[in-house]
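Novice: Please find one structure pasted underneath; my questions will follow.
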Amino acid sequence: MHGITIGISLLVSLILIRNSQYGAILVGLLFLPLFIIKFEYIFPLVLIVRSSLDIFTDIGVYIGPMKLNIPAVISIFIDMAGLLYLGFLFQRDKKIPFDDISKSFSIWLFFLFFWIFWAYHQFGPEGLIGVREWIRLFSLFIIFLLSLQLVRMKGYEYLINSTILSLIIPLSVGYYQIFSQIFLLSMPYRIYATLAHPNVLSLYLVFFMAITMWKLKFAKKKVPWLGLQLIILIALLNTFSIGGMVMICVLFVMIVLKEFELKNKLLILSFSIILFFAFINTDIGQKRLAELKTTPSLVEVIEGDAVTNSFTWRIVNWKMLLGIWIDKPMMGFGLNTTGLANPWHNYAAHNDFLRFLVETGVIGFIIYIWFLFKIWVNLRAQYQSCTNAREKYLAMMIEAVFIAWMIGSIVDNYITATTFQFYFWALLACVMGNKINEKLKYQSSDINNLSY
C-alpha cells in the first residue's frame, strides 16, 4: 500500500506542477469517488501529499476577496469528500463515533460561524476572508473525524506510519536546499523545503521528531529510526528557527519530566545539549542569538516603539493590536480580520491568543480557551487511563507537542500552520481513537455476555 501511495503522491505533484489549477480540479474529480470506495488508501494519501503543497500557495484564482489556491482546494476537497464519507457511514451504522474533543470542536466552529457575518458587517466584502479561514478550520475538524474512523478500521499504527511518509518530499527538497548552497559555496540560508516558511517547517519537523522518538522507544530495530531522527534534526537546525528551538526544548522538558526510565532522561538531556551547541556554533545561529542580545528593555520597546529585531517588532505589533481591541472588546472585528484591523495593514498578530481576542473579542476568546482546555483535559485523561505502554507513551508525546504548540503560540500564529495542524489532528485521533475502540469492544463484550 505504501509503495502505491508514494507513487500516486509523486504523480499528483507532477500534475500540479505542470498545470496547477486544472490539475487540482482533475485530481479532485478523480479522487472523490475513490475517497468513498477506498477510504483506507485515499485518505492517508491526502495526508501524505499535504506536506508538499504549500509551495503552491501563490498559485490560484481570486473569488472576490478570497484567493483559492491549491492548499485551499485540498481543504475544500477534504470537506466535501469527508462529509460524503461520514454521511455513508451514518446511513450504514446509524451513528458516527463522536468523542468529547469532536463535540468541543464542533461547538467552537458553530460559534465561529457568527464571526464570519460580523467580519462582513465590519469590513464589507473584504470581511468575507473569514469564510476561507472557517473552511480551513472545518477541514481540520473533518481530518480528526476521518482519522478516528481510520483508527477504528485499521488501527492507530497504520495511520501513524502513513503520516511519517509525508516526510519524504519535504526532507528531500530541504536537503536539496542544503546541498545546493554547499556546492555553490553560497552563504547558508534558512531552508523551508516545500512549506511556506522556515518557522512552519521547524514546527512540522519538531512534531515528527516526537513521533520518531516514540517509534524509537519501542522499535526492535532502532538504527533506522535513529537515522531518521538524525535526518530530521539536521533539517531542523538548517531552518535556524528560534521558535523551533524553543518548541523542541519545551518538548524535551515535557518528555524528561514524564519519561519512566532514568537512562532515557539522561539520553534526552544529552541530546538537548548537543542540539543547542550545534545551533549556536553556526554563523546564522550566532547571528540570530546576537539579534536577541540587541533587544532593549521592555519599557523602551513599549514606550518608544523601538523595533530592533523580530521579537521587539512583535511587542510593538501586540501593543497596537491591543490598542484597537479596546474599541471592540466584547465582539472583536470578525474572523480572520487581524490583517484588516491592524494599523500595520495585512500583518498577522504573531500570537494566536491575541489574534482571537482581537477577532472575536472577550466572548470568542473565552470559547477558544475553553476549546483548548477541553483538548488538554481529554489528552490528560487518556494518558492517565492507558494501561498499554505504547499507547500511554504516544499519549504523552502528543500531549507534549500540544503544550509546546500552546507555548509557541504566544509568539506566532501556529493555528494557521495548516501542514502541522493536519498531522496534529490526525495523530490526536490516534490517541483518542484508542479510547473509542476500547469503548466499542467493551460494549460488544456486554452484548455477547447478554446473548448467553
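Novice: What tally of residues in the stretch 224-244 results from selecting those that are in contact with a Lys or Arg (Cβ under 7 Å, 6 or more places away or on another chain) and modelled with pLDDT of 90 or more?
Specialist: Counting residues in the stretch 224-244 that are in contact with a Lys or Arg (Cβ under 7 Å, 6 or more places away or on another chain) and modelled with pLDDT of 90 or more gives 1.
Novice: Among the charged types (D, E, K, R), in contact (Cβ under 8 Å) with a residue 24 or more places away in the chain and crowded, with 19+ Cβ neighbours inside 10 Å, is that true of ARG152?
Specialist: It is false that ARG152 is among the charged types (D, E, K, R), in contact (Cβ under 8 Å) with a residue 24 or more places away in the chain and crowded, with 19+ Cβ neighbours inside 10 Å.
Novice: Can you list residue pairs whose Cβ atoms sit under 6 Å apart, with the first residue in the stretch 258-271 being outside any helix (DSSP H, G or I) and the second being modelled with pLDDT of 70 or more? Count only pairs 6 or more apart in sequence or on different chains.
Specialist: Taking only residues 6 or more apart or on different chains, the pairs are GLU259/LYS265.
Novice: Return yes when GLY130 is under 19 Å from THR338 (Cα atoms), more than 20 Å from the chain's Cα centre (by Cα), modelled with pLDDT under 95 and outside any loop (DSSP other than H, G, I, E, B) and no when it is not.
Specialist: Against the criterion (under 19 Å from THR338 (Cα atoms), more than 20 Å from the chain's Cα centre (by Cα), modelled with pLDDT under 95 and outside any loop (DSSP other than H, G, I, E, B)), GLY130 does not qualify.
Novice: Can you tell me how many residues within the stretch 404-445 are among the polar types (S, T, N, Q) and at pLDDT 90 or above?
Specialist: The number of residues fulfilling the criteria is 6.
Novice: A further question follows. Tell me whether the stretch 135-142 contains one or more residues that are out of contact with any helix residue (DSSP H, G or I) (no Cβ under 7 Å at 6 or more places or on another chain), crowded, with 17+ Cβ neighbours inside 10 Å, under 22 Å from ILE76 (Cβ atoms) and of a type in the set (A, V, I, L, M).
Specialist: No, every residue in the stretch 135-142 fails to be out of contact with any helix residue (DSSP H, G or I) (no Cβ under 7 Å at 6 or more places or on another chain), crowded, with 17+ Cβ neighbours inside 10 Å, under 22 Å from ILE76 (Cβ atoms) and of a type in the set (A, V, I, L, M).
Novice: Between a residue in the stretch 403-432 that is free of Cβ contacts under 8 Å to residues at least 60 places away in the same chain and any residue that is crowded, with 22+ Cβ neighbours inside 10 Å, which pairs come within a Cβ distance under 6 Å, given they are 6 or more apart or on different chains?
Specialist: From residues that are free of Cβ contacts under 8 Å to residues at least 60 places away in the same chain, the pairs are SER409/ASP352.
Novice: Within the bounds of the stretch 94-102, is there any residue that is of a type in the set (D, E, K, R), over 17 Å from the mean Cα position of the chain (by Cα), closer than 25 Å to LEU146 by Cα and modelled with pLDDT of 85 or more? Reasoning before the result, please.
Specialist: Restricting attention to the stretch 94-102, the residues satisfying the condition of being of a type in the set (D, E, K, R) are 94-95, 99-100.
From what's left, over 17 Å from the mean Cα position of the chain (by Cα): 94-95, 99-100.
Next cut, closer than 25 Å to LEU146 by Cα only: 94-95, 99-100.
Now narrow it down to the ones that are modelled with pLDDT of 85 or more: 99-100.
Yes: one or more hits.
Novice: Restricting attention to helices (runs of 4 or more DSSP H) lying wholly within the stretch 325-411, give those where 3 or more residues are hydrophobic (A, V, I, L, M, F, W, C).
Specialist: Per the criteria, 352-385, 389-408.
Novice: Can I ask one more? Note down all Cβ pairs under 7 Å where the first residue falls in the stretch 24-38 and is of a type outside the set (A, V, I, L, M), the second is at pLDDT below 80, and they're at least six residues apart or on different chains.
Specialist: GLY28/VAL73
Novice: Now for a separate question. Considering only the stretch 384-402, state which residues are under 13 Å from the mean Cα position of the chain (by Cα) and surrounded by fewer than 21 Cβ atoms within 10 Å (Cβ to Cβ). Break it down stepwise before answering.
Specialist: Looking only at the stretch 384-402, we keep the residues that are under 13 Å from the mean Cα position of the chain (by Cα), and these are 398, 401-402.
PHE402, the sole residue that qualifies.
Novice: Taking TRP344, is it among the aromatic types (Phe, Trp, Tyr), modelled with pLDDT under 95 and surrounded by fewer than 17 Cβ atoms within 10 Å (Cβ to Cβ)?
Specialist: yes
Novice: Taking into account only those residues within the stretch 187-223 that are farther than 19 Å from ASN161 by Cβ and outside any loop (DSSP other than H, G, I, E, B), which is farthest from the chain's Cα centre (by Cα)?
Specialist: Among those that are farther than 19 Å from ASN161 by Cβ and outside any loop (DSSP other than H, G, I, E, B), it is PRO198.
Novice: Restricting to the stretch 90-127, name every residue that is surrounded by fewer than 17 Cβ atoms within 10 Å (Cβ to Cβ) and either in contact with a His (Cβ under 9 Å, 6 or more places away or on another chain) or not in a helix (DSSP H, G or I) (or both).
Specialist: Answer for the stretch 90-127, where residues must be surrounded by fewer than 17 Cβ atoms within 10 Å (Cβ to Cβ) and either in contact with a His (Cβ under 9 Å, 6 or more places away or on another chain) or not in a helix (DSSP H, G or I) (or both): LYS94, LYS95, ILE96, PHE98.
Novice: Which ones in the stretch 349-401 are under 18 Å from MET213 (Cβ atoms), hydrophobic (A, V, I, L, M, F, W, C) and out of contact with any helix residue (DSSP H, G or I) (no Cβ under 6 Å at 6 or more places or on another chain)?
Specialist: Residue satisfying the conditions is ALA389 alone.
Novice: Looking at (1) within 20 Å of the chain's Cα centre (by Cα); (2) under 30 Å from ILE191 (Cβ atoms), which one does TYR175 not meet, given that it meets all the others?
Specialist: (1)
The values are calculated or read from the model by the stated rules, or taken from the named source; none is laboratory data. Just so it is clear, the model here is predicted, and its values are computed rather than measured. No Cβ is skipped: glycine too gets one built from the backbone with ideal geometry, and neighbour counts run over all protein chains shown.
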